[in-house]
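What follows is a short report on a single structure.
Values quoted throughout were computed directly from the atomic coordinates according to the rules given, and no laboratory measurement underlies them. In this text the structure is predicted, and so the values were computed from the model without any measurement. A quick note on method: Cβ atoms are made from the backbone with ideal geometry, for glycine too, and the neighbour counts reach across all protein chains shown.
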Amino acid sequence: MKKLFLLPHLAAAMTMVLGGCFSPDYSIVGQGETVYIEVEGETVYEEVEVEVPVYIEVEVPGETEYGEIWVDSFTQYATVDGVDILWVIDTSGSMYRYELDLLAGIEAMLNALPESGWRLAMTSNSPDKAQVEAQFPLVPGDDIDDAIDMYDAMLVGHNEEGFDATYEYVVNNAYAATWMRSDAALLVVMVSDEEEQSNDHFSLVNDFNNWYGGLRGGSAFLSSIVNVDAADSICSTPPSVINIGYRYMEATNYFGGITVDICDTDWSAGVTEASNSIDPYEYFKLTHVTTNEDTIRVFINGALNWDWYYQSSDNTVYFTVIPAAHDHVEIAYHYDAGGSDTGTDTGDTGS
C-alpha cells in the first residue's frame, strides 16, 4: 500500500474553475511549503508535508453544491528505452524461510514483463558483495529456472544495507557497467525481513532519495518487500519493531512505489504492479467517483488543459494528448465525502 503525500506547489496562484457556470468555487495558492486554500471566500490554512511529486492525493476542505473537492496528481514519467531491474536481496540466514516466496515473486515479475527491452539481475544487500557481483542479467527468453540458477550463484553477505548495496552495484560495480543502460528506466526491488541499516553513503533516507531520484533522468522506480507495521502485518507473529522496514517503506513511498508485506504468501500482485508502473501515464483512474463529471478540470503545470475525456464506466480520465515527460498533472473534481464512495488506495494509471 502506498503512503500518499502532499505537494508544496499544487498550483501557484491558480484558480480552479469548477461548476456548471464556470465560476470559481475555490482557489489554491502555494508558497514555499505552505498551501493556502480559499473556498467560497473562506481561507483555510493548511501545512503540507513535502515529498517527491510521483503520485499525490490532496483533499481540499470546503463543501460546495456538488460535494467536496478532491485533487489527484502525478508527475509524468519520461519515455525510456527498456528497463533495467535490480533485485537487492537480504542474504542473511533469517531469509531462508522466504526463499520459495522470493522465487515465486521473481517468476511473477518475469511473466509480467514485456517481450523485449528488459534486463534483470540480483545482488545481495551487503555492499561488499554488491560491489563485486558479476552475473550476466536475465533477459527476454529466460525463465524461472534461469532465475533460480542466478539466485543460487549470488554472492552471500550479512550486512542489512540495501541503500548502500544499491549504490555500490550501480556506481562501483565494474561488471554492472557492462549491462546497465543509461537510456533505460531503473527499477530496484528491495527484499529484506530486517530494517535498512546503511551507514556509509546513506545514513539518512533523504540522502538515498536524492541520489536515486537523480538517476536515469528521473525514471528511477523503487519497490520493497519488507516487514510492515505490526498493525498492518499479516504475519502470524507480528514483527519486532526493530525488524520493520521503515526506511525501505519511506523511500518506496517517496518514489510512489509498491510495498509488499514479506509475510504475504503471494508477492505476485505487488511485483507485477511494480513491473507495469514504469510506462508514461496515458490514463488515470480517479481515486473517488465524481458527483458531477462536468466539474472535472485537468491542469498541466498549472495551466488548464482540455486534451482528455472522462469515461464514467471505469471512472477514468483518458488523455487524448499524452502529457510530456516531467509534466505535473492535477485532476480536480467534486466527490461525496460522506457517501458510500470510500476511495481507493491509489489511482490506476497505465499505458
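A few points about this structure:
- Taking amide H as placed 1.01 Å from N in the peptide plane, Val260 has its amide H under 5 Å from the amide H of Ser224, Ile225, Val226, each at least 5 places away in sequence or on another chain.
- Ordering Phe208, Ile106, Gln197 by the projection of their Cα atoms onto the charge dipole of segment 83-275, which places +1 on the Cβ of Lys and Arg and -1 on the Cβ of Asp and Glu, puts Phe208 at the extreme positive end.
- Residues whose amide H falls under 5 Å from that of Trp87, counting only those 5 or more places apart or on a different chain, are Ala121, Met122, Thr123, Val189, with hydrogens built in the peptide plane.
- With eigenvalues of the C-alpha gyration tensor scaled by 5 and rooted, segment 83-275, Å: 22, 19, 16
- About its Cα centre, the dipole of segment 109-155 is roughly 240 debye, where the only charges are +1 on Lys and Arg Cβ and -1 on Asp and Glu Cβ.
- Footprinting exposure proxy ranking of Ile69, Ile296, fewest other C-beta atoms within 10 angstrom first, gives Ile296, Ile69.
- Backbone geometry of segment 238-245 corresponds, through the Karplus equation with coefficients 6.51, -1.76 and 1.60 at θ = phi - 60°, to 3J(HN,Hα) couplings of x, x, 5, 4, 6, 9, 6, x Hz, x marking Gly and Pro.
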